[in-house]
Amino acid sequence: MDKEIMNKIKSGATVRVYERIKEGDKERESVFQGMVLARKHGGEVGATFTVRAMVAGVGVEKVYPVHSPVISRVDILSSPKKVHRAKLYYLRDLSKKKIRQKLGV
């Protein structure tokens, strides 16, 4: 992943992650779009970021390794003006309207 995009993946950012999925002998690209709740371990080899989205009314979280070959690209859709915490785990219990109010999106 590009260094510039790695620096833009921060808590509160809305991202679209494209990951390659291999099914049998075929390979396809799957898209997961959501909000970044946490970024862990900086730029190390084991660095990860957690993305949360609502899929069919159920909250789904995926943890992606930053240096994973499975990720083909990451698009940053929006970034909040200011986030007061590094980990946004408290957003799990809030509605979309409350999240927008808290983050100022």
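Some values worked out for this structure:
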read-out	value
Selection count where residues are surrounded by fewer than 15 Cβ atoms within 10 Å (Cβ to Cβ) and either hydrophobic (A, V, I, L, M, F, W, C) or under 30 Å from Q101 (Cβ atoms) (or both), scope the stretch 19-34	3
Residue among L94, L77, L103 that alone is of a type outside the set (D, E, K, R) and surrounded by 15 or more Cβ atoms within 10 Å (Cβ to Cβ)	L103
Residues being part of a strand (DSSP E or B), of a type in the set (S, T, N, Q) and touching a residue at least 24 places away in the same chain (Cβ under 8 Å) - total across the stretch 35-93	2
Qualifying residues in the stretch 35-56 (those that are surrounded by 17 or more Cβ atoms within 10 Å (Cβ to Cβ) and touching a Ser or Thr at 6+ places or on another chain (Cβ under 7 Å)) - the one farthest from G104 (Cα to Cα)	R39
Lone unmet requirement of (1) modelled with pLDDT under 90; (2) more than 15 Å from M1 (Cβ to Cβ) for G59	(1)
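The values are calculated or read from the model by the stated rules, or taken from the named source; none is laboratory data. Here the structure is a predicted model, which is why all the values come from computation and not from measurement. Note: ideal-geometry Cβ built from the backbone for every residue, glycine included; neighbour counts use all protein chains shown.
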